[in-house]
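Novice: Quick one: structure below, then a few questions.
Values quoted throughout were computed directly from the atomic coordinates according to the rules given, and no laboratory measurement underlies them. Please read these numbers as outputs of a predicted model, since none were measured by experiment. Cβ coordinates were reconstructed from backbone atoms using ideal geometry, including for glycine residues, and neighbour counts include every protein chain displayed.
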């Protein structure tokens, strides 16, 4: 993976982790242990064990692969909706 792509993946994985923590906190969860037995997960991405970061990286890779499989127009619609705070489902064929 080239350096720029690696940095983008890490940035997205960090954002995914922050969103994941926010969603759990909104449900009242303040602590969660790693399924890999590496420790606490409700900590900043930078402080996670590499194996736990890999979980976030795999999620990012799966989402990007899913987006890449969509027609460009649908991806642009999804991104536009996300930027306005009003996500719209992709039109059905």
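Novice: For a footprinting-style exposure proxy, rank 27, 64, 41, 78 by other Cβ within 10 Å, fewest first.
Specialist: Placing the least packed residue first, the sequence is 27, 64, 78, 41.
Novice: Kirkwood hydrodynamic radius, the chain, all distinct C-alpha pairs: what's the number in Å?
Specialist: Result for the chain stands at 15.0 Å.
Novice: With a Förster radius of 30 Å, plug the Cβ-Cβ distance of residue 2 and residue 26 into 1/(1 + (r/R0)^6) and report the FRET value to the nearest 0.05.
Specialist: Computed FRET efficiency for residue 2 and residue 26: 0.25.
Novice: I've got another one for you. Taking neighbour Cβ counts within 10 Å as the exposure measure, how do 9, 30, 38 sort from fewest upward?
Specialist: If I rank by nearby Cβ atoms, fewest first, I get 30, 38, 9.
Novice: Still on this structure: Just to be sure I understand the model, the point goes 7 Å from the Cα along the line to the Cβ. What's the resulting residue 15 to residue 74 distance in nm?
Specialist: Once both label points are built, they end up 2.1 nm from each other.
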